[in-house]
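Data first, discussion second: the structure below is written as C-alpha coordinates.
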Amino acid sequence: MLEKIKILELVNGALEGTDKFLVNLKITPDNRIFVDIDGDNGVTIDDCIALSRAVESQLDRDEEDFELNVGSAGADMPLKLPRQYRRHIGRELEVVTFDGEHVTAELTATDDEGITLLTRGNKKTAPVEHRFAFRDIKSAKIVIKF
(Lines give C-alpha, C1' and ligand atoms only; values in the text may rest on other atoms or scores of the structure.)
Protein backbone atom coordinates (compact mmCIF):
# COMPACT_ATOMS: atom_id res chain seq x y z
CA MET A 1 0.00 0.00 0.00
CA LEU A 2 1.18 3.50 -0.82
CA GLU A 3 2.33 5.60 2.11
CA LYS A 4 0.23 8.70 2.71
CA ILE A 5 3.26 10.68 3.89
CA LYS A 6 5.06 10.00 0.61
CA ILE A 7 2.06 11.17 -1.47
CA LEU A 8 1.67 14.20 0.81
CA GLU A 9 5.30 15.17 0.24
CA LEU A 10 4.95 14.73 -3.55
CA VAL A 11 1.78 16.84 -3.70
CA ASN A 12 3.15 19.60 -1.48
CA GLY A 13 6.41 19.61 -3.42
CA ALA A 14 4.57 19.97 -6.74
CA LEU A 15 2.40 22.80 -5.36
CA GLU A 16 5.30 24.67 -3.76
CA GLY A 17 5.76 28.13 -5.26
CA THR A 18 2.20 28.28 -6.59
CA ASP A 19 -0.97 29.76 -5.13
CA LYS A 20 -2.45 26.23 -4.98
CA PHE A 21 -2.68 24.19 -1.79
CA LEU A 22 -3.80 20.76 -0.64
CA VAL A 23 -7.26 20.57 0.93
CA ASN A 24 -7.76 16.82 1.22
CA LEU A 25 -5.80 13.63 0.57
CA LYS A 26 -7.30 10.16 0.78
CA ILE A 27 -5.77 6.81 -0.11
CA THR A 28 -8.00 3.75 -0.12
CA PRO A 29 -6.74 0.23 0.72
CA ASP A 30 -6.78 -0.63 -3.01
CA ASN A 31 -4.40 2.30 -3.78
CA ARG A 32 -6.93 4.75 -5.15
CA ILE A 33 -5.51 8.20 -4.42
CA PHE A 34 -7.86 11.18 -4.17
CA VAL A 35 -6.30 14.64 -4.06
CA ASP A 36 -8.40 17.81 -3.68
CA ILE A 37 -6.71 21.16 -4.14
CA ASP A 38 -7.74 24.78 -3.97
CA GLY A 39 -6.03 28.01 -4.88
CA ASP A 40 -6.00 31.63 -3.81
CA ASN A 41 -7.26 32.45 -7.31
CA GLY A 42 -9.21 29.26 -7.97
CA VAL A 43 -8.23 26.03 -9.71
CA THR A 44 -8.40 25.15 -13.39
CA ILE A 45 -8.45 21.78 -15.11
CA ASP A 46 -4.89 22.53 -16.29
CA ASP A 47 -3.81 22.92 -12.64
CA CYS A 48 -5.24 19.48 -11.85
CA ILE A 49 -3.58 17.91 -14.89
CA ALA A 50 -0.21 19.45 -14.04
CA LEU A 51 -0.37 18.19 -10.46
CA SER A 52 -1.47 14.74 -11.57
CA ARG A 53 1.45 14.49 -13.99
CA ALA A 54 3.94 15.78 -11.42
CA VAL A 55 2.88 13.25 -8.78
CA GLU A 56 2.49 10.34 -11.19
CA SER A 57 5.97 10.92 -12.62
CA GLN A 58 7.42 10.31 -9.15
CA LEU A 59 5.63 6.99 -8.62
CA ASP A 60 6.55 3.62 -10.12
CA ARG A 61 3.61 1.59 -11.46
CA ASP A 62 5.82 -1.51 -11.68
CA GLU A 63 6.44 -1.25 -7.95
CA GLU A 64 2.86 -0.42 -6.92
CA ASP A 65 -0.37 -0.28 -8.92
CA PHE A 66 -2.46 2.83 -8.19
CA GLU A 67 -5.19 5.11 -9.48
CA LEU A 68 -4.65 8.88 -9.09
CA ASN A 69 -7.58 11.32 -9.04
CA VAL A 70 -6.81 15.03 -8.76
CA GLY A 71 -9.64 17.53 -8.51
CA SER A 72 -10.50 20.94 -7.18
CA ALA A 73 -12.29 21.54 -3.92
CA GLY A 74 -15.56 22.48 -5.59
CA ALA A 75 -17.96 25.20 -4.55
CA ASP A 76 -20.30 22.58 -3.12
CA MET A 77 -17.65 21.20 -0.75
CA PRO A 78 -17.31 22.54 2.80
CA LEU A 79 -14.46 24.96 3.43
CA LYS A 80 -11.82 23.13 5.48
CA LEU A 81 -8.84 25.46 5.77
CA PRO A 82 -8.67 29.07 6.96
CA ARG A 83 -6.86 29.96 3.72
CA GLN A 84 -9.96 29.00 1.71
CA TYR A 85 -12.13 31.70 3.28
CA ARG A 86 -10.13 34.69 1.98
CA ARG A 87 -11.20 34.41 -1.63
CA HIS A 88 -14.86 34.10 -0.64
CA ILE A 89 -15.19 37.46 1.10
CA GLY A 90 -18.39 39.06 -0.15
CA ARG A 91 -20.11 35.71 -0.75
CA GLU A 92 -22.84 34.18 1.34
CA LEU A 93 -21.86 31.28 3.61
CA GLU A 94 -23.86 28.78 5.60
CA VAL A 95 -22.05 28.13 8.87
CA VAL A 96 -22.86 25.47 11.46
CA THR A 97 -21.04 25.53 14.78
CA PHE A 98 -20.28 22.62 17.08
CA ASP A 99 -22.88 24.14 19.44
CA GLY A 100 -25.55 23.66 16.76
CA GLU A 101 -25.88 27.31 15.76
CA HIS A 102 -26.78 27.86 12.08
CA VAL A 103 -26.05 31.19 10.41
CA THR A 104 -26.38 32.07 6.75
CA ALA A 105 -24.84 35.44 6.00
CA GLU A 106 -22.27 37.35 3.94
CA LEU A 107 -18.62 36.70 4.74
CA THR A 108 -17.22 40.17 5.43
CA ALA A 109 -13.81 39.41 6.96
CA THR A 110 -11.39 36.65 7.86
CA ASP A 111 -8.14 36.55 9.80
CA ASP A 112 -5.88 33.96 11.44
CA GLU A 113 -8.41 33.33 14.23
CA GLY A 114 -11.77 33.15 12.46
CA ILE A 115 -14.39 34.79 10.29
CA THR A 116 -16.96 37.58 10.47
CA LEU A 117 -20.38 37.24 8.87
CA LEU A 118 -23.02 39.93 8.41
CA THR A 119 -26.68 38.99 8.20
CA ARG A 120 -28.91 41.16 6.05
CA GLY A 121 -31.15 43.61 7.73
CA ASN A 122 -34.58 44.64 6.62
CA LYS A 123 -37.10 47.35 7.49
CA LYS A 124 -37.69 45.83 10.93
CA THR A 125 -34.24 44.58 11.91
CA ALA A 126 -30.73 45.90 11.60
CA PRO A 127 -27.93 43.80 10.08
CA VAL A 128 -26.22 41.60 12.67
CA GLU A 129 -22.51 40.81 12.76
CA HIS A 130 -21.46 37.31 13.81
CA ARG A 131 -17.90 36.34 14.72
CA PHE A 132 -16.82 32.69 14.67
CA ALA A 133 -13.45 31.23 15.63
CA PHE A 134 -12.28 28.53 13.21
CA ARG A 135 -12.15 26.02 16.09
CA ASP A 136 -15.91 26.54 16.68
CA ILE A 137 -16.98 25.94 13.06
CA LYS A 138 -18.28 22.45 12.39
CA SER A 139 -18.97 23.18 8.71
CA ALA A 140 -19.03 26.15 6.38
CA LYS A 141 -20.33 26.03 2.82
CA ILE A 142 -20.72 28.62 0.12
CA VAL A 143 -24.35 29.30 -0.69
CA ILE A 144 -24.73 28.73 -4.41
CA LYS A 145 -27.30 30.94 -6.08
CA PHE A 146 -28.67 30.56 -9.58
Sorted by chain and number, the residues with a modelled amide H under 5 Å from that of A109, at a separation of 5 or more or across chains, are T116
Straight distance only, please: which aspartates and glutamates reach the Cα of K20 with their own Cα at less than 17 Å, same-chain residues fewer than 8 apart left out?
E9, D36, D38, D40, D46, D47
Once both axes come from the Cα atoms, what is the angle between helix 4-15 and the longest principal axis of the chain, in degrees from 0 to 90, rounded to 10?
70 degrees
Heavy atoms of the protein only, probe of 1.4 Å, neighbouring chains included. What is the accessible area of L10 in Å², nearest 10?
40 Å²
What FRET efficiency comes out for V103 versus F146 if R0 is 22 angstrom and r is the Cβ-Cβ distance? Round to the nearest 0.05.
0.50
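Would you mind working out the accessible area per residue for the chain, using a 1.4 Å probe, and quoting it in Å²?
The answer is 63 Å² per residue.
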As a percent rounded to 5, the proportion of antiparallel DSSP bridges among beta bridges in region 1-126 is 70 percent
Tell me the accessible surface of D65 in square angstrom (1.4 angstrom probe, heavy atoms of protein chains only), to the nearest ten.
110 Å²
Accessible surface ranking that places the most exposed of K4, K141 first, with a 1.4 angstrom probe:
K4, K141
Excluding D99 itself, calculate the net charge of residues whose Cβ lies under 13 Å from the Cβ of D99, where each Lys or Arg counts +1 and each Asp or Glu counts -1.
0
With Cα atoms, 0 to 90° folded angle of helix 45-56 axis to the chain main axis:
40 degrees
When the accessible area of region 51-146 is computed with all protein chains present and a 1.4 Å probe, what percentage of it is carbon and sulfur?
46 percent
Which label belongs to the value computed from this structure, given these candidates for Rg/Rh (Cα atoms, Kirkwood Rh): (i) 0.97; (ii) 0.94; (iii) 1.08?
(iii)
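The values are calculated or read from the model by the stated rules, or taken from the named source; none is laboratory data. Because the structure is predicted, anything quoted here is derived from the model rather than measured. All Cβ positions, even for glycine, are placed from backbone atoms using ideal geometry, and neighbour counts span all protein chains on display. Surface areas here come from the heavy atoms of the whole protein model, side chains and all, with no ligands, DNA or RNA. Shrake-Rupley method; radii C 1.70, N 1.55, O 1.52, S 1.80 Å.
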